[in-house]
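Have a look at the structure below, then the notes.
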Amino acid sequence: MLEAGTMAPDFCLADQDGKEVRLSDFRGKKVVLYFYSKDNTAGCNKQACGYAEHYPAFLEKGVTVIGVSKDTSLSHRKFADKFDLPFLLLADPDKEVLQSYGVWVKKNMYGKQVMGVIRSSYLIGEDGRILKVHARVKPEENAEQMLRDLEEI
């Protein structure tokens with residue numbers, strides 16, 4: 001995983017509406033970039049709903065929230081509609097961004113080695129530099145954790 005103090009790799013991915021989004025589009029704003037495994041799974045639902053619940057607080061602080069997984073834009077649209085998610089969900093089916101952020105790794109699952117996403121989040125500053133990194137986050141606590149980080153910086 002990337003470390004605090006390094007520049008966040010720029011990327012261009014499609015959002016839940018198929019529109020291209022670049023991280024660099026948000027220069028001058030703080031960004032919470034969180035990575036999750038799959039739309040419509042228990043932990044990912046909790047994590048996304050946590051961000052949705054606290055979304056007004058992020059907006060109040062001028063922070064953009066972006067979720068990224070390997071799912072498609074169509075899957076993200078259905079996920080966003082089902083849970084009324086007000087923030088961007090970006091599709092990385094080629095896993096290029098997941099790999100550049102160091103969150104696509106070998107994992108042990110039921111005694112087998114498989115590739116998967118480390119549920120994690122990055123707080124990125126206005127200049128594009130990573131301010132905070134959290135790996136293996138608890139889905140139900142991640143949004144509040146990021147809000148606490150914003151209070152500390």
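Here are the numbers:
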item	result
Selection count where residues are aliphatic (A, V, I, L, M) and open to solvent by 10 Å² or more (accessible area, probe 1.4 Å), scope segment 42-66	4
Cβ-Cβ under 7 Å pairs, at least 6 apart or on other chains, segment 7-33 side crowded, with 20+ Cβ neighbours inside 10 Å, far side charged (D, E, K, R) and assigned to a helix (DSSP H, G or I)	16/77
Listing of strands (runs of 3 or more DSSP E) fully contained in segment 95-143 that carry 3 or more residues being open to solvent by 80 Å² or more (accessible area, probe 1.4 Å), touching a Ser or Thr at 6+ places or on another chain (Cβ under 6 Å) and among the aromatic types (Phe, Trp, Tyr)	none
Segment 67-94, residues that are β-branched (Val, Ile, Thr), open to solvent by 20 Å² or more (accessible area, probe 1.4 Å) and touching a helix residue (DSSP H, G or I) at 6+ places or on another chain (Cβ under 7 Å)	none
Hits in segment 1-45 - residues which are small (Gly, Ala, Ser) and under 26 Å from residue 153 (Cβ atoms)	4, 5, 8, 24, 28
Residues within segment 1-51 that are over 20 Å from residue 133 (Cα atoms) and in a helix (DSSP H, G or I), tallied	4
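The values are calculated or read from the model by the stated rules, or taken from the named source; none is laboratory data. Keep in mind the model is a prediction, meaning the values are calculated, not measured. When we count neighbours, we look across all protein chains shown, and the Cβ atoms used for this are built from the backbone with ideal geometry, even at glycine. Note: accessible area is taken over every heavy atom of the protein model, side chains too, but ligands, DNA and RNA are not part of it. Shrake-Rupley method; radii C 1.70, N 1.55, O 1.52, S 1.80 Å.
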